[in-house]
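Undergrad: Structure below; questions to follow.
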Amino acid sequence: MMRRLNELLGFLLLGVCFLLTGCGSSAQKSASDFSDWKPTGSMELQYADQFSVDYYDGGYALITIAKQNQYLLVPEGKQAPQGLSSSITVLQQPLDNIYLAASSAMDLFDGLDALPAIAMTSTAEKDWSLPHVTQAMQQGRLQYVGKYNAPDYETLLTKNCQLAIESTMITHNPEVKEQLEKVNIPVLVEHSSYESHPMGRMEWIKLYGLLLGKTDEAEKFFDEKVRQLNEMQAADTGKTVAFFYISSTGSVNVRKPGDYVSKMIDMAGGSYVPTAQQLKVDDNALSTMNMQMEAFYAAAKDADYIIYNSTIEGDLQTISQLTQKSSLLKDFKAVQTGNVWCTEKNMFQQTTGAADMIADLDRIVTGQADQTDQLTFLHRLK
């Protein structure tokens with residue numbers, strides 16, 4: 001009798017063990033298989049819509065960029081879960097040897113006081129307009145490893161590159177991305193230039209703060225920039241502004257209405273031209289488009305101000321240099337009245353300077369810039 005009671009007690013204890021420990025294959029699967037994980041929350045974003053972040057227990061985070069490319073951020077000392085889709089790229093923290101081939105992101109890392117995490121760049125020292133970056137290169141803390149479309153793979157491997165951050169320009173050279181991944185360097189392609197709001201572009205600092213374990217610093221930095229922007233109350237001036245450059249083939253490249261540059265013009269109290277109706281905007285995700293000079297002439301010849309984007313074709317100093325690109329520009333109202341401005345090369349590198357850029361534009365469209373030929377991001381052509 002006693003023996004049977006002991007056997008029964010043993011079976012009961014075994015059953016309790018299964019209940020308490022979750023013994024069995026399905027329970028083991030739920031503990032380690034990513035397909036069974038459930039998000040515990042998501043990153044709050046005010047302006048950016050080109051990336052999102054879902055949080056999971058244990059400090060894991062799933063990053064989605066452009067609604068298609070996904071990256072799982074794995075905390076230091078932990079491993080990637082089982083059952084992870086092959087389409088999800090694993091980013092293992094810490095990330096402190098980064099190759100940055102997206103120059104517009106560098107200012108955000110600088111804003112986080114995180115330049116030491118960037119070990120390599122695709123932009124030569126002479127082409128940087130960020131003082132801290134230039135200093136880091138002069139001191140050997142940041143190394144130029146070749147252009148984005150032809151990086152020095154040997155150097156990347158020697159310096160133990162843990163992550164390559166590329167702009168969407170890499171899509172023109174997919175073999176580079178493939179080679180980086182082939183040598184086990186994960187590639188994150190950022191899409192900040194596709195943000196429709198200038199603060200959306202800057203809000204990518206939250207993503208980089210997440211990668212580096214600096215989320216609090218990123219939140220504080222971004223909130224301060226939003227406060228600065230909210231203090232600007234520009235009234236509608238009724239002035240029209242065109243922003244463009246002329247390619248080597250003679251076509252005119254303009255920003256699409258709704259792009260962050262045209263949005264800054266609107267926020268400064270101006271009105272961007274050409275309009276969407278004049279452009280017949282295509283449906284692709286690009287923030288710019290090309291048009292023939294004759295079409296640009298018809299849409300923008302009466303613009304009160306024109307701004308030439310010199311970051312692509314090189315700096316201009318005189319109106320004569322501009323009109324040499326097309327004689328039709330001589331008939332533009334802004335050319336005849338001397339209201340022609342040109343971007344400095346720091347405009348697109350200083351991503352955190354959106355409020356200052358809007359202030360520059362406001363000074364132009366309100367006539368306050370008449371007292372000077374030089375602003376923070378723009379200079380007048382003479």
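Undergrad: Can you confirm whether L375 is outside the structural domain of E125 (by TED's automatic domain parsing) and surrounded by 21 or more Cβ atoms within 10 Å (Cβ to Cβ)?
TA: Details: outside the structural domain of E125 (by TED's automatic domain parsing): yes; surrounded by 21 or more Cβ atoms within 10 Å (Cβ to Cβ): no.
No: the conditions fail for L375.
Undergrad: A follow-up question, please. So, of the residues in segment 195-204 that are within 8 Å of the chain's Cα centre (by Cα) and in a helix (DSSP H, G or I), which turns out to be nearest to D110 (Cα to Cα)?
TA: M202
Undergrad: For segment 246-268, enumerate the residues that are under 21 Å from T351 (Cα atoms), part of a loop (DSSP other than H, G, I, E, B) and not small (G, A, S).
TA: K256, P257, D259
Undergrad: Here's something else I'd like to know. Quick one: count up the residues across segment 66-77 that are assigned to a loop (DSSP other than H, G, I, E, B), more than 16 Å from the chain's Cα centre (by Cα) and either among the polar types (S, T, N, Q) or within 18 Å of T40 (Cα to Cα) (or both).
TA: Residues meeting the conditions: 1.
Undergrad: While we're looking at this one, here's another question. If we only count helices (runs of 4 or more DSSP H) wholly inside segment 287-382, which ones have 2 or more residues that are without any contact (Cβ under 8 Å) to a residue 40 or more places away in the chain?
TA: Passing ranges, in order: 293-300, 319-323, 333-337, 354-365.
For every residue, the table says whether it meets (1) under 19 Å from the mean Cα position of the chain (by Cα); (2) buried (at least 20 other Cβ atoms within 10 Å of the Cβ); (3) among the β-branched types (V, I, T); (4) farther than 18 Å from L210 by Cβ.
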| site | (1), (2), (3), (4) |
| --- | --- |
| S42 | no, no, no, no |
| G59 | no, no, no, no |
| T64 | yes, no, yes, no |
| A80 | no, no, no, no |
| V90 | no, no, yes, no |
| L108 | yes, yes, no, no |
| D113 | yes, no, no, no |
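Undergrad: What number goes with the only condition from (1) surrounded by fewer than 16 Cβ atoms within 10 Å (Cβ to Cβ); (2) within 19 Å of the chain's Cα centre (by Cα); (3) polar (S, T, N, Q) that N160 does not pass?
TA: (2)
Undergrad: Before we move on, is T240 touching a helix residue (DSSP H, G or I) at 6+ places or on another chain (Cβ under 6 Å) and among the β-branched types (V, I, T)? It would help to see each step written out before you state the result.
TA: Details: touching a helix residue (DSSP H, G or I) at 6+ places or on another chain (Cβ under 6 Å): no; among the β-branched types (V, I, T): yes.
No; evaluated as a whole, the condition is false for this residue.
Undergrad: What tally of residues in segment 25-58 results from selecting those that are of a type in the set (G, A, S), modelled with pLDDT of 95 or more and over 25 Å from H191 (Cβ atoms)?
TA: The qualifying residues number 1.
Undergrad: Being of a type in the set (D, E) and either surrounded by 21 or more Cβ atoms within 10 Å (Cβ to Cβ) or touching a Phe, Trp or Tyr at 6+ places or on another chain (Cβ under 7 Å) (or both) is the filter; apply it to segment 181-200 and report the residue that is nearest to P257 (Cα to Cα).
TA: The residue in question is E195.
Undergrad: Considering only residues that are out of contact with any Phe, Trp or Tyr (no Cβ under 9 Å at 6 or more places or on another chain) and polar (S, T, N, Q), look in segment 232-250 and name the one that is nearest to M289 (Cα to Cα).
TA: Step one: of segment 232-250, the residues out of contact with any Phe, Trp or Tyr (no Cβ under 9 Å at 6 or more places or on another chain) are 232-238, 247-250.
Applying the additional criterion that residues be polar (S, T, N, Q) yields 233, 237, 247-249.
Working: Q233: 30, T237: 26, S247: 11, S248: 15, T249: 14 Å.
Across segment 232-250, the extreme among qualifying residues is S247.
Undergrad: Could you list, in sequence order, all residues of segment 134-167 that are within 19 Å of Q179 (Cβ to Cβ), without any contact (Cβ under 8 Å) to a residue 60 or more places away in the chain and aliphatic (A, V, I, L, M)?
TA: Within segment 134-167, V145, A150, L156, L157 meet the criteria.
Undergrad: Another question, if that's okay. Which pairs turn up if I take residues in segment 222-237 that are small (G, A, S) and look for partners that are modelled with pLDDT of 90 or more and surrounded by 12 or more Cβ atoms within 10 Å (Cβ to Cβ) with beta carbon separation below 7 Å, at least 6 apart in sequence or on another chain?
TA: A234/M267; A234/A268; A234/G269; A234/D362; A235/G269
The values are calculated or read from the model by the stated rules, or taken from the named source; none is laboratory data. As the structure is a computational prediction, the values presented were derived from the model and not from experiment. Because the Cβ atoms are built from the backbone with ideal geometry, glycine has one as well, and the counts that use them run over all protein chains shown.
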